[in-house]
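The values are calculated or read from the model by the stated rules, or taken from the named source; none is laboratory data. Because the structure is a prediction, the values reported are computed rather than measured. So basically every Cβ, Gly included, is an ideal-geometry build from the backbone, and we count neighbours across all protein chains shown.
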Amino acid sequence: MNTPGHVKLLISVRNVEEAVEALEGGADIIDVKDISHGSLGLPRYGVVREVALKIGGAREKSVPIGDLERRDSAIGYVAQVIEGLGYDYLKVGLKTNSTEEGLGIVREVMDSISGKGERLCWLVMPIINYITYYRQWT
C-alpha cells in the first residue's frame, strides 16, 4: 500500500488488544508506544513482542525507543531487538540541546542497524521543547 499520493493512517496503541482493534479498524501503520514515559515512550518488551507476533506482516509497525537525552550502548541493543522483531519504523526522540549528545544518539542507532536490514526505516524526531537543537542541527 505504498503508492504515490496514498495517505496512511497511523494508530498509536498501548497493548496487543488495541493493536488488534487498530488492525480491524483499518490502520495502515500500528504504532506501539507507552506515553507514560514521554511522547515517544519505549513500551515494555513484552508488549512490543506480542504485537509483532500478533500483527506479523499484516500491517506496517512502528515503535519509539524513547525521548533520549544522551548516548548509551543500550540504545543499540534496543534498535537491534526492534529490527529483529520485524518492525518497519523505529522512532528516536532527541531530548537534548547538545549537538554532541544528539549526534551520539544517532550514531548509536546507525552503528547498530545500518546495512543489516534494508526493511527498517528509522526516524529522528526532536522533542518540541528542544526545537532549538533541531534548528541548529539542520
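The set of residues from the range 17-47 being under 17 Å from residue 64 (Cβ atoms) and hydrophobic (A, V, I, L, M, F, W, C) comprises 19, 22, 27, 29, 30, 32, 35, 40, 42, 47. Taking each residue of the range 10-34 that is modelled with pLDDT of 95 or more and looking for partners that are of a type in the set (Lys, Arg) and in a helix (DSSP H, G or I) with beta-carbon atoms closer than 9 Å, six or more apart or interchain, yields 16/54; 19/54; 20/54; 23/54. The residues on offer are 123, 90, and the sole one that is closer than 25 Å to residue 14 by Cβ, at pLDDT 85 or above and not acidic (Asp, Glu) is 90. For first residues located in the range 67-79 and in contact (Cβ under 8 Å) with a residue 40 or more places away in the chain, partners that are part of a helix (DSSP H, G or I) and lie 6+ apart or on another chain with Cβ distances below 7 Å form the pairs 79/109; 79/112; 79/113. Within the range 33-48, being out of contact with any Pro (no Cβ under 7 Å at 6 or more places or on another chain), surrounded by 14 or more Cβ atoms within 10 Å (Cβ to Cβ) and closer than 20 Å to residue 23 by Cα holds for 43, 47, 48.
Here residue 111 passes the criteria (1) part of a loop (DSSP other than H, G, I, E, B); (2) surrounded by fewer than 14 Cβ atoms within 10 Å (Cβ to Cβ); (3) of a type in the set (D, E, K, R) except the one numbered (1). Every condition in (1) closer than 30 Å to residue 20 by Cα; (2) in contact with a strand residue (DSSP E or B) (Cβ under 8 Å, 6 or more places away or on another chain); (3) assigned to a helix (DSSP H, G or I) holds for residue 106 except the one numbered (1). Annotation note: of 60, 18, 83, the sole residue that is in contact with a helix residue (DSSP H, G or I) (Cβ under 8 Å, 6 or more places away or on another chain) and on the phi < 0 side of the Ramachandran plot is 83.
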